[in-house]
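Colleague: Okay, here's the structure, questions in a sec.
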Amino acid sequence: MQVCCMTTLDELAPYAEAWDRLSAGIPFRSWTWMSTWWRHYGDEQNGRNRRTRLHVLAVFDRADMLVGVAPWYLDVSAAQGRVLRFLGSGEVCSDHLSLLCPAGLEERVTEALAGWLTGQRSEDSCGRQPDRWDLVELTGVDADDPNIAQLLEQLEHRGNTVHRRPGPNCWQIELPPDWDDYLARLSKSHRKQLRRLDRDMLSTGRAVFHTVERIDQLPQAMDMLIDLHQRRHRSQGEPGCFASSRFTGFHREVAGQLLSGGHLQLHWLELDGKPAAAEYQLAGNGAVYAYQSGIEPEMTDLEPGRLITLATIRRAVRQGYRAFDFLRGDEPYKPHWRAVPQASQEIRVVPNRTVAQLRHGLWRTGSGARQWIRDGLKRVAERGESR
């Protein structure tokens, strides 16, 4: 196995199809999602004392076939040093992130990556010397992810410190093949509420459910989603996700690509002829992922949120999806739909170097011992010890 660190999208673009094969159809791991994220979040305009660089570790077998991808970037700052993170992390809140690798090759791929990360080779297969790193910080990782587990085992074996802590739960419904079977799983009161809403609103035509089917429908539907989302959150005294120009720009671009590839499901609901709710969902790997939503704040008494959730779950059942994923967050409505929590984890890997370990200690102990650790960092710097 050979590892090559790729630092531009132009280098990676020829492998986009192979990347997607390794992503197992999970939209957050796809080339489309991650490359588009980098175009919007990967510039160096992150503050005077911070810069970023693409840092994707590609693993090739003896036949020069791409068999593994660590989809990372390098974030350099004075406070944390050189930190490796997943593409798609931060305010976009990508879930189910992982190392991309086919089943059966996990050990060999992660062994090659761990060897590269710990500097066991003077240069990679692209002729580049491995960069120094001070921290690998991974979020949005499923707690039972086998690829990540293999990599952490390899890194611990090589003397690195691995710190794990629970991340936010993702809530997922295991869908049956029939809508009535799904309804039978719900509580009696919830089932009664849904049947009433279906009878009084959807069946009468008072509520009309729409889905974007063509690219020309997308701009207007995105405008509707953003408007409903922002007005709902502003009514609650919150800025809303789309207050971020980068977040908005990323989704306006990536939505069209996802729709063309069959991985976007953008729905909206009209009540009495007026937009009342919108759902921005991704699809792949047999699952629908409920990523973002918007609700008309002046129509909450008509339960547009419950109505559009009913319609989207029923649609997923009828289309044969195996799961409906509400993604991260422990909001109280999720268990009512018989979603169950799927644990995630947040991971920090720290090399066995003094300054990196002191920074990790500062992070772990918080403000109580910060001055002691700052003094330690100062003493190390005065001795001229390498970071």
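Colleague: Please find, within the range 287-322, the residue that is farthest from TRP171 (Cα to Cα) out of those that are of a type in the set (Gly, Ala, Ser) and under 17 Å from the mean Cα position of the chain (by Cα).
Modeller: Looking only at the range 287-322, we keep the residues that are of a type in the set (Gly, Ala, Ser), and these are 287, 290, 293-294, 305, 311, 316, 320.
Now drop any that are not under 17 Å from the mean Cα position of the chain (by Cα), which leaves 287, 290, 293.
Details: ALA287: 12, ALA290: 10, SER293: 16 Å.
So, considering only residues that are of a type in the set (Gly, Ala, Ser) and under 17 Å from the mean Cα position of the chain (by Cα), the one farthest from TRP171 (Cα to Cα) is SER293.
Colleague: A follow-up question, please. For ARG165, which of the numbered conditions (1) surrounded by 11 or more Cβ atoms within 10 Å (Cβ to Cβ); (2) touching a strand residue (DSSP E or B) at 6+ places or on another chain (Cβ under 8 Å) fails to hold?
Modeller: (1)
Colleague: If I filter the range 65-78 down to residues being touching a residue at least 40 places away in the same chain (Cβ under 8 Å) and over 22 Å from the mean Cα position of the chain (by Cα), which single residue comes out as surrounded by the most Cβ atoms within 10 Å (Cβ to Cβ)?
Modeller: LEU66
Colleague: For the condition over 18 Å from THR32 (Cβ atoms), in the same structural domain as ASP144 (by TED's automatic domain parsing) and of a type in the set (Val, Ile, Thr), what is the one hit in VAL56, VAL69, VAL76?
Modeller: Exactly one of VAL56, VAL69, VAL76 is over 18 Å from THR32 (Cβ atoms), in the same structural domain as ASP144 (by TED's automatic domain parsing) and of a type in the set (Val, Ile, Thr), namely VAL76.
Colleague: If I ask for residues that are loosely packed, with under 15 Cβ neighbours inside 10 Å and assigned to a strand (DSSP E or B), which ones from the range 235-278 would you list?
Modeller: Of everything in the range 235-278, just one residue is loosely packed, with under 15 Cβ neighbours inside 10 Å and assigned to a strand (DSSP E or B), namely LYS274.
Colleague: Could you tell me how many of the residues in the range 237-272 are under 20 Å from MET299 (Cβ atoms), without any contact (Cβ under 8 Å) to a residue 24 or more places away in the chain and more than 20 Å from the chain's Cα centre (by Cα)?
Modeller: So in the range 237-272, the residues under 20 Å from MET299 (Cβ atoms) come out as 237-238, 240, 242, 266-272.
When the remaining residues are screened for being without any contact (Cβ under 8 Å) to a residue 24 or more places away in the chain, the result is 237-238, 240, 242.
Now narrow it down to the ones that are more than 20 Å from the chain's Cα centre (by Cα): 237-238.
Adding up the residues that qualify gives 2.
Colleague: Of the conditions (1) under 23 Å from ARG196 (Cα atoms); (2) outside the structural domain of PHE250 (by TED's automatic domain parsing); (3) touching a residue at least 40 places away in the same chain (Cβ under 8 Å), ILE308 satisfies every one except a single condition; which number is it?
Modeller: (2)
Colleague: Tally up the residues in the range 154-186 that are assigned by TED's automatic domain parsing to the domain that holds VAL141, touching a helix residue (DSSP H, G or I) at 6+ places or on another chain (Cβ under 7 Å), of a type outside the set (A, V, I, L, M, F, W, C) and in a helix (DSSP H, G or I), please.
Modeller: Total satisfying the criteria: 1.
Colleague: What number of residues within the range 89-120 satisfy the criterion of being in a loop (DSSP other than H, G, I, E, B) and either among the aliphatic types (A, V, I, L, M) or within 25 Å of SER244 (Cβ to Cβ) (or both)? Talk me through it step by step, then tell me what you get.
Modeller: Narrowing the range 89-120 to residues in a loop (DSSP other than H, G, I, E, B): 89, 93-96, 98-99, 101-105, 118-120.
Then keep just the ones that are either among the aliphatic types (A, V, I, L, M) or within 25 Å of SER244 (Cβ to Cβ) (or both); that gives 89, 93-96, 99, 103, 105.
Summing the residues that are in a loop (DSSP other than H, G, I, E, B) and either among the aliphatic types (A, V, I, L, M) or within 25 Å of SER244 (Cβ to Cβ) (or both) in the range 89-120 gives 8.
Colleague: Looking only at the range 1-42, which residues are of a type in the set (Ser, Thr, Tyr), surrounded by fewer than 21 Cβ atoms within 10 Å (Cβ to Cβ) and assigned to a loop (DSSP other than H, G, I, E, B)?
Modeller: THR7, THR8
Colleague: Another question, if that's okay. Given the options THR32, THR7, name the one that is within 24 Å of GLY249 (Cβ to Cβ), polar (S, T, N, Q) and modelled with pLDDT of 95 or more.
Modeller: Exactly one of THR32, THR7 is within 24 Å of GLY249 (Cβ to Cβ), polar (S, T, N, Q) and modelled with pLDDT of 95 or more, namely THR32.
Colleague: Which one of these is of a type in the set (D, E, K, R) and more than 30 Å from GLN281 (Cβ to Cβ): ASP64, ASP95, ASP43?
Modeller: ASP64
Colleague: Determine the pairs where a residue that is exposed (fewer than 13 other Cβ atoms within 10 Å of the Cβ), located within the range 347-372, has a partner that is in a helix (DSSP H, G or I) and at pLDDT below 75 with Cβ atoms under 9 Å apart, the partner being 6 or more residues away or on another chain.
Modeller: THR365/TRP372; THR365/ILE373
Colleague: Please tell me if GLY88 is touching a helix residue (DSSP H, G or I) at 6+ places or on another chain (Cβ under 7 Å) and of a type in the set (Gly, Ala, Ser).
Modeller: It is true that GLY88 is touching a helix residue (DSSP H, G or I) at 6+ places or on another chain (Cβ under 7 Å) and of a type in the set (Gly, Ala, Ser).
Colleague: Filter the range 118-145 for residues that are at pLDDT below 95 and under 23 Å from TRP31 (Cα atoms); which is surrounded by the fewest Cβ atoms within 10 Å (Cβ to Cβ)?
Modeller: CYS126
Residue-wise test of (1) in contact with a His (Cβ under 9 Å, 6 or more places away or on another chain); (2) charged (D, E, K, R).
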residue: THR7; (1), (2): yes, no
residue: ALA24; (1), (2): no, no
residue: TRP31; (1), (2): no, no
residue: VAL59; (1), (2): no, no
residue: ARG62; (1), (2): no, yes
residue: TYR73; (1), (2): yes, no
residue: LEU87; (1), (2): no, no
residue: GLU91; (1), (2): no, yes
residue: LEU97; (1), (2): no, no
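The values are calculated or read from the model by the stated rules, or taken from the named source; none is laboratory data. Keep in mind that this is a model prediction, so the values were computed, not measured. Positions of Cβ are generated from backbone atoms using ideal geometry, with glycine treated the same way; all protein chains shown enter the neighbour counts.
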